[in-house]
1. Would you mind putting 240-250, 309-319 in packing order, based on average other-beta-carbon counts within 10 Å, highest first?
2. If you find the alpha carbon centre of the stretch 270-328 and of the stretch 141-156, how far apart are they in angstrom?
3. By per-residue mean of other Cβ atoms within 10 Å, what is the highest-first order of 452-459, 282-289?
4. For the stretch 421-540, build the convex hull from the C-alpha positions and give me its volume per residue in Å³.
5. Sort 520, 423, 195 so the one with the fewest other Cβ atoms within 10 Å of its own Cβ comes first.
6. Among 482-495, 329-342, 251-264, how do they line up by average Cβ neighbours within 10 Å per residue, starting with the highest?
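Read-outs: derived from the displayed coordinates by stated rules, not from any lab. What you are looking at is a predicted structure, and each value in this text was computed from that prediction instead of being measured. Every residue, glycine among them, receives a Cβ derived from its backbone with ideal geometry; neighbour counts consider all protein chains shown.
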C-alpha cells in the first residue's frame with residue numbers, strides 16, 4: 001500500500017510539473033505573439049508605402065497606415081468610414097475598373113499577388129496613377145485584402161514621354177526618307193521644265209510651265225519642312241545673339257498677328273548667344289506666333305521673352321531630350337483657348353492640326369520640333385483648356401561673340417560663259433544627266449560619277465585641273481563631306497559645292513557641314529544652279 005501511494009504521489013507531482021511548464025511555454029508564446037503583432041503593426045503603420053486593409057464583401061476600410069493618410073489627404077477616422085469605391089476616379093476611369101472587375105481579372109491578379117495599375121482620387125480631387133499589389137488575409141472568420149499602393153504617376157509620365165520620343169523618331173525617319181526622294185524628283189521636274197522652256201520658240205505661251213514650276217516649288221517648301229522635322233537638314237550654324245534676331249523680327253510679328261493681339265516683349269540683356277543655323281530662330285518664332293494667333297481669334301496677348309537658364313540634372317530627368325548646362329530660353333505665351341492633354345501630346349506630329357480644312361498644313365510645329373532638336377535644344381509646352389499656352393524653347397548657350405554678317409555674295413555676270421572643269425557626284429542617274437546637260441550648256445567641261453569611289457578614281461586619272469566638285473551630301477558608301485575631304489587633300493585647288501536634299505543623320509550628329517562650305521538646297525532650278533556655280537568662281541577669282 002505504501003508503495004502505491006509513493007508511486008501515485010510521484011506521478012502526480014510529475015504531472016503538476018508538466019502542467020506548470022506548459023503554462024509557462026504558453027505565456028512565452030503569447031508574449032512572442034504579442035511582440036510579433038506589435039512588430040507587424042509598426043511595420044504596417046510606419047511603412048513609407050501607402051497600405052490599407054479592406055473587407056472582401058463590403059469593401060469598407062478596416063485599417064489604413066500613415067503613408068496612405070498623408071498621400072490621400074483623409075484622416076484615419078475618415079478612411080475607416082469609407083469604402084474603396086470612395087477613392088474611385090470619375091466616370092471614365094471608374095468604368096474601366098468596373099470592366100476589369102466584372103471579367104474576373106482582379107480576382108486573378110489578387111490571387112497571385114500581382115500588381116494592377118489604376119487611378120485613385122485624392123481628397124482634393126487630383127488623380128494618381130497607382131500600382132496595386134493585393135494579398136488575401138483572414139481576420140477571424142472575415143475575409144479581407146491587404147493592398148499596397150505605389151504611386152507611379154511620375155514613372156508613367158516619363159514612360160509616355162519616352163514612347164512619344166520613340167514615335168516621333170520613327171515618324172521622322174519616314175518623313176526624312178520621303179523628303180529625300182521627293183527632293184530629287186522635284187529637282188528633275190523643275191530642271192526639265194527649264195530645259196523645255198528654253199527649247200520653245202520665243203512667242204510660246206509658258207503659263208502651263210509656270211504653273212508646273214510653282215507647284216514644284218510649293219512641294220519643295222513642304223519637303224523642307226519635313227526635313228526640318230526629321231532632323232535631316234544640312235546645317236551651317238553660326239553664333240547668334242537671340243535678342244538681336246528677335247528685335248529684327250518684332251515688326252514682322254506685329255503685322256503677322258494683327259492689331260487685335262497685343263505683342264509684349266521682355267528680353268533679358270544677359271540671355272546670351274547660341275550656335276544655330278541662320279534663319280532658324282526667326283522660323284521658330286514665326287511658326288509659334290502663327291500658332292498663338294490662331295488660338296486667339298478674338299484677340300488677346302502674346303508675350304515673347306528671353307532669359308538665361310541653367311538646366312540641372314533634375315531638369316534633364318523631367319525632359320529626356322534636355323542637356324545639363326547653361327542655356328538660352330525663348331518663351332512665347334498666349335492667352336488663347338489652350339489645349340487638352342490628348343491634343344498636347346500630338347501637336348508636334350507632322351500633319352496633325354486642329355484647324356479647319358485649308359487653314360494649315362500641320363507642319364508648323366513639326367518644323368519647330370525638328371529645328372530645336374537638331375540644334376541640340378529641347379522644347380517644353382504647358383497648356384490647359386481656357387488658360388492659354390506657353391512654349392519654352394531652350395538652346396545650349398555658347399560664350400562666343402556673335403558672328404558678323406558675311407560679305408555680300410558675288411553677283412554672277414549674266415554674260416559669263418563657263419570654262420572651268422566640274423565633277424558632278426550624284427547617285428540619282430536622271431538628276432545627274434540633267435545637271436550635266438545644264439552645266440555643259442553653260443560652257444563648262446563636265447565629268448560625272450554615281451558615287452564617291454568612282455569620283456576619286458576619275459579624279460586620279462584626270463590630267464588637267466579640276467576646278468569644282470559638285471556633290472550630293474548623301475551618297476552610297478561615303479558621304480559628300482567625306483568625299484570632299486579626301487579629294488581636296490590631293491587637289492587643294494578644287495572648290496566644293498554641296499547639294500542637299502537629305503542628310504542621313506548618324507548617332508549624335510548635328511549634320512554640320514565644314515566651316516565655309518557652299519550649299520545648294522534641293523529642289524533647285526537650273527538657273528539657280530548656274531548662278532551658284534558662277535558665284536563661286538566669281539568670288540574666288
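1. Numbers: 240-250: 17.4, 309-319: 13.5.
Taking the mean over residues of other Cβ atoms within 10 Å, the ranking is 240-250, 309-319.
2. If you average the Cα positions of each part, the centres end up 41 Å apart.
3. Numbers: 452-459: 17.1, 282-289: 20.8.
Going from most to least packed, we get 282-289, 452-459.
4. On the way: hull volume 12.4 nm³, N = 120.
Enclosed volume per residue, from the Cα hull, is 103 Å³.
5. Numbers: 520 17, 423 23, 195 13.
Least crowded to most crowded, the residues run 195, 520, 423.
6. Numbers: 482-495: 15.5, 329-342: 18.3, 251-264: 13.9.
Put in order of decreasing packing, that is 329-342, 482-495, 251-264.
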